[in-house]
Structures are given as C-alpha cells and as structure tokens.
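The values are calculated or read from the model by the stated rules, or taken from the named source; none is laboratory data. What you see is a predicted model, and the numbers here were worked out from it, not measured in a lab. Cβ atoms come from the backbone with ideal geometry, glycine included; neighbour counts cover every protein chain shown.
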Amino acid sequence: MVNTKQQLAINLKNKWLALWPEAIETWSKYLKLSEPRFCTTKEEETREYLSSSFAMIRLDDHAVVISLRMVIENELENYPLEIMCHEIGHHVYCPADLTDSGRIIARIQRALPGYETYAPLVSNLYSDLLINDKLKREYGLKIDEVYAKIGGGSKDKMWTFYMRIYEILWGLTKGSLAKGEMDSLLEGDAQLGNRLIRSFSKDWLSGAGRFAALCYPYLIKERAMEVQRIMSVWMDASEAGAGADFPSGLTEVDDGELTDCKHPSLDDTANGGNPISSTQGGSIGQHREPFQYGQILKALGLKMSEEDITIQYYKERAAPHLIPFPTKENPVSKEPLMEGVDVWDISSPIENIDWFQTAMRSPIVIPGFTTVEQTYGYAEGSLPEKEPIDLDIYIDCSGSMPNPGYNVSYLALAGTIITLSALRVGARVQATLWSGTREFITTDGFISDEKQLLKIITGYLGGSTAFPIHILRDTYTNRKPTSRKVHILVVSDEGVTTMFDKDEKKNSGWKISELSLKNCGTGGTFVLNLYDDWKKDKDLVAASKQGWDIHRVNDWEALVKFAKEFSKKKYGEN
C-alpha cells in the first residue's frame, strides 16, 4: 500500500519528468540522454545502487538516477532543473566518460600524497564547481540555493573554503554560503580557486591536479570528515564506474600529469596565464605501476577483484605488441565453374544472354521473363591448413622477481604478449608459474581459456627457486608422435639451471630435458636475464649443446622486445 511520503514522491516524479526535456535543452537541443531513473522507495534506491546521495550518475549506461524520496527529505523538491541539469552536466561536460574520469582521478591522486583515498571526493568537488559555474552564470539556475540547503550553515574550514569559491565565482555577498571563519589564508585560497575554475573551464583535465593541491592543506588539517558528511547527500559521481567494464588508456601516464599538480599560487596558468592543454597530448610513454592503476579503478567505483585488475593491466600493456589477427585466404581456381542459369533482365549486358537455354525454355523471347543467363561459381583451392604450434611456457616467480600485482613484472608482461599472440592463431597454451620445491601453479594441460592462463601468468609466489621438473616429465615422457607440436619457453635467470636437478623420483633432470626437447616437436627456448660472462656457466653451456636456444637479455624490460619478436616468429603470418 502506498504511504503518504511515497505518494508525494510519485506526484513529484510526474512534475520533474515533465521538465526533463527543458533540462536537456539547457545543455543542447541535440543531446540524446535517456530519462532519469526516479526512485520513490528505499527498495528502488537499493536496486539502482543509490545509497546516501539523492542523485548519481552511471557512466557505463549513461544513466541519471534520482531519489525523489531523499529529495523531499532534504527539502529540494523546488529545484528540479538545478538538480537534473547538474547530473546531465556530468555526462556531457565533466567528466563525460569513464576514461576521462580516471584521468582526473590520476592527477588528483598525484597531488594528494598520503591522502590518495580522498581523490573521489576532491574529484566530485572539482567537477561540481565546473558544472555549477556554467549553470549559474550562463543559464541563471539557482544552484546557490541548493548548496545553502545541503550545507546547513556548516562552519567547517574546508567547507567554508569551498563555499567561498562559489561566492567569488558568482559575486555573492561574503558569508551568504560560507559560514565559517575566513582568515586571509582561506580568502587567498578561495581567490585562487576562483581563478583556477575560470582558467581551466575548457581544459578541466589540466586543472584537476592543481585544484587538489589547493585542497591538500585542508585535507591534512580537517581530514574532510565534515565535507564528506555534507557531500554524501549529493556525492553523485563518486562511483560513476560501478558496473562498468574496464576503461581503456589508464595504464599510461598522460602528458602533463606529472607537472599539472602545482599549487595554483606557484603556477602562472592558474593566475591568468594561458593554460597549456594536456587533453590532446596523449601519453608521454611512461606507464603506471599496477597498484597505481588499481587505485584509479577503485576510486572510479569499479567492483573488480585484485586478480581481474592485474590481468587487465597486463592485457592493456600487451595490446600494442601483439601480432595482428591472422587472415585466412581461401585460394580459388582460375577457371569459372558453371552452376546453372538465372533470369536475364535488362539491367545486365545483352551479351550475357544464353540464347540456347532461352530457346529451350520458350520459343517466344520476352526480355526479362524468358531470357536466361549462365551463373558461375568458383572452386576453392586445396592448400593444406596450417596447424599452429602450441606453447608450453614456464615463468620464474621466485623471491627475486617483482609481484605483478604491485610493481610491473616484465616477466608477466612478456608472458602475456606471447600467450595472447598464440591464442590469436588458435594455439593452445600450458602455463606454469614456478618458484621453490612444490611451489608452482599450472594449467595442468594445454588450454585456450585466456582468463585462466593470464590468472597464472600474472600471479605471484615469491619463494625459493626450484624448477618444476615433474611437469616437463609428465607432459613429454609418453607424448605421441601424432600429438600437436609444442614449443617450450622458459623465462627466468640463472635459476633455470635447477631444471637439471633430480626430480622427486630421483630421475635426472638432464634426461627429462633431453626427452622433452625430442618429444615436443619444435624445440625449446630459454630467455634469461644473465650476466655478461654467462657462457662460463657449465650448465648453461651444456643446455645449449643439448638443444636449448638460449636468448640472453640485459635487463627485465628487454623481455618486451623479445616477446614481440618471438610472437612474430612463431605465430605471425609468413
């Protein structure tokens, strides 16, 4: 049964919905955006993942969600255009999409060392300033009255600073929104905030880090507890990525990201100078560490596991180095193959008419009705189909190797490049991550499951060093000559020589290695980070003589070049 409060919300829904077209046209008459999802009960709010905020946006499905129940509780029912236009502004102006939202978060995090967890709050404050300034100055909406309602006259230092920026932006009487004590330092910061919003209104990405630097002292002193409480009512973009897929382009550091975090008092561009755009320059060739990438995704509200985040990081890093998707050519015969006849019509050349077949059908020739022409096909060639070489990859993950989930692991990146390239051509992969004795993870066979393979390749063990000899033994001892051909690839350092120890059954590792090379069908490769005089190592020299192709790299980063070349050689089109 509908109660009184719910009925009020339902009635309000009809009034607000009628104003939605006007809210859309405030930004652009050409804008297409679905109607808001109005919630009138707590149950509806839960279904839309709306918690303490009366409004929110979702960048995955471009939705605007508004709780009319909470709108009434906060006495905001008379501000439909202000609230709806504000939410639309997040979709069309700032941040507009999930990738740009992530780029804002990245810059803000750099400007808040030790306080990175506040990045979603500061991002919301910053984008709200940009949107609200346009709505107030250009469209005359009563945004100041909305903030007077939700602020509740708070005298919190950071909230006072934030409200003072609005007062200066809009030429309001001092103290009309900002209710706390305003000393000369706060006044100066608010003036800088005003200039920053005006200077970077068209290049808001470049202003994000600068605004965060302006907020930093207040976060240190106040921990933003009161601001978070106040803003929780209208924290509409803090989890805009909830339910979305991974945004692209966030593993790379943007041009300007490392320099756009100055305090505005030290920056000419925020004091009336000409801002240098950072939105067009792209990447500077540097990449974030996996943990930084994860921090950004979590700040966007993406509900992803650490494992999924790590896998996505390496997939994105690997993408530029993968072989192209193969193209399949079907050779055709040179001579056409007659397949039958079809009706000739006047749109076809007259010489195409088969007069014999036409006369056979009817002695009376009626163009387009009794006239016919031959139809032809082509016979496929019979070139044999190439069978891709399967991959058996062993990645060293002992204690000397980085944790792929925290710092970039070039072993994991190289493994990802080669594995994804192999899968592209239809090869199957057996992946093994190994560390000490009985410390390994393996697919236990050749598979094509990308996620399962990358879960192993980007995993972490971090123990001692002992190659899992038994996996080689079990894979190749009784392998049939008719089995698919395999190439064995081992990524390691000098610890690879533990391959030649005895296994748990006292079998010689050398004999297992020799048998594996013989039965795999295409040999094996060691790619190793080794010292210059590695040829003095008798085990490595013996391994080379046994048939292992030893490829030395000077540092782990060189594995990327190796992986690209190896993938092209083994899985690229010839």
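Give the residues of region 431-482 that are assigned to a loop (DSSP other than H, G, I, E, B) and in contact (Cβ under 8 Å) with a residue 60 or more places away in the chain, sorted by residue number.
Taking region 431-482 as the starting set, the residues that turn out to be assigned to a loop (DSSP other than H, G, I, E, B) are 435-439, 443-446, 448-449, 458-462, 464-468, 477-482.
Those that are assigned to a loop (DSSP other than H, G, I, E, B) and in contact (Cβ under 8 Å) with a residue 60 or more places away in the chain: THR458, GLY459, TYR460, LEU461, GLY462, SER464, THR465, PHE467, PRO468.
Residue under question is ASN78, and the condition is that it be part of a loop (DSSP other than H, G, I, E, B) and more than 29 Å from the chain's Cα centre (by Cα); does it hold? So that I can check it myself, show each step before the final result.
Working: part of a loop (DSSP other than H, G, I, E, B): yes; more than 29 Å from the chain's Cα centre (by Cα): yes.
Yes: the conditions hold for ASN78.
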Fill in the blank from the handout: Taking first residues from region 165-179 that are of a type in the set (Phe, Trp, Tyr) and second residues anywhere that are crowded, with 18+ Cβ neighbours inside 10 Å, the pairs with Cβ under 6 Å that are 6 or more apart or on different chains are TYR166/LEU177; TRP170/LYS136
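For ARG164, indicate whether it is surrounded by 24 or more Cβ atoms within 10 Å (Cβ to Cβ), charged (D, E, K, R), more than 14 Å from GLY209 (Cα to Cα) and touching a Lys or Arg at 6+ places or on another chain (Cβ under 9 Å). Before you say what the answer is, go through the steps one by one.
Working: surrounded by 24 or more Cβ atoms within 10 Å (Cβ to Cβ): yes; charged (D, E, K, R): yes; more than 14 Å from GLY209 (Cα to Cα): yes; touching a Lys or Arg at 6+ places or on another chain (Cβ under 9 Å): yes.
Considered against the rule, which asks whether it is surrounded by 24 or more Cβ atoms within 10 Å (Cβ to Cβ), charged (D, E, K, R), more than 14 Å from GLY209 (Cα to Cα) and touching a Lys or Arg at 6+ places or on another chain (Cβ under 9 Å), ARG164 comes out as yes.
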Completion exercise
Within region 234-266, the residues that are closer than 30 Å to GLU45 by Cβ, touching a strand residue (DSSP E or B) at 6+ places or on another chain (Cβ under 9 Å) and buried (at least 18 other Cβ atoms within 10 Å of the Cβ) are TRP234, MET235, ASP236, ALA237, SER238, GLU239, ALA240, GLY241, ALA244
Practice task
Please give the number of the condition ASP444 fails out of (1) touching a helix residue (DSSP H, G or I) at 6+ places or on another chain (Cβ under 8 Å); (2) among the charged types (D, E, K, R); (3) at pLDDT below 95.
Solution key: (1)
Exercise for the section: Looking for whichever is in the same structural domain as LEU219 (by TED's automatic domain parsing), in contact with a helix residue (DSSP H, G or I) (Cβ under 9 Å, 6 or more places away or on another chain) and at positive phi here; the options are GLY171, GLY152, GLY140. Which one fits? Expected result: GLY152
Problem - Residue, farthest from GLU73 (Cα to Cα), within region 1-28, restricted to residues that are exposed (fewer than 13 other Cβ atoms within 10 Å of the Cβ) and at pLDDT 90 or above - result: SER28
Practice task
Can you tell me which residue among ASP532, ASP549 is at pLDDT below 95 and not hydrophobic (A, V, I, L, M, F, W, C)?
Solution key: ASP532
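When you check GLY459 against the structure, is it at pLDDT below 95 and either within 31 Å of the chain's Cα centre (by Cα) or surrounded by 15 or more Cβ atoms within 10 Å (Cβ to Cβ) (or both), yes or no? Even if it seems obvious, please write down each step before you answer.
Values: at pLDDT below 95: no; either within 31 Å of the chain's Cα centre (by Cα) or surrounded by 15 or more Cβ atoms within 10 Å (Cβ to Cβ) (or both): yes.
In short, no.
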Fill in the blank from the handout: Among strands (runs of 3 or more DSSP E) entirely within region 483-574, at least 1 residues that are surrounded by 20 or more Cβ atoms within 10 Å (Cβ to Cβ) and in contact with a helix residue (DSSP H, G or I) (Cβ under 9 Å, 6 or more places away or on another chain) occur in 486-492, 521-529
Handout entry: Filter result for the condition that a residue is at pLDDT below 90, β-branched (Val, Ile, Thr) and not assigned by TED's automatic domain parsing to the domain that holds ASP133, over ILE72, ILE57
Key = ILE57
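Here's the yes/no breakdown for (1) within 20 Å of LEU219 (Cβ to Cβ); (2) assigned to a helix (DSSP H, G or I); (3) in contact with a helix residue (DSSP H, G or I) (Cβ under 6 Å, 6 or more places away or on another chain):
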{"site": "ILE165", "(1), (2), (3)": "yes, yes, yes"}
{"site": "LEU177", "(1), (2), (3)": "no, no, yes"}
{"site": "LEU186", "(1), (2), (3)": "yes, yes, yes"}
{"site": "ALA190", "(1), (2), (3)": "yes, yes, yes"}
{"site": "GLY193", "(1), (2), (3)": "yes, yes, yes"}
{"site": "ARG198", "(1), (2), (3)": "no, yes, no"}
Completion exercise
Being at positive phi and touching a residue at least 60 places away in the same chain (Cβ under 8 Å) narrows GLY547, GLY521 down to just GLY521
Handout entry: SER382 being at pLDDT below 80, part of a loop (DSSP other than H, G, I, E, B), hydroxyl-bearing (Ser, Thr, Tyr) and surrounded by fewer than 12 Cβ atoms within 10 Å (Cβ to Cβ)
Key = yes
Practice task
For region 83-100, indicate whether the set of residues that are in contact with a Cys (Cβ under 9 Å, 6 or more places away or on another chain) and either free of Cβ contacts under 8 Å to residues at least 24 places away in the same chain or in a helix (DSSP H, G or I) (or both) is non-empty.
Solution key: yes
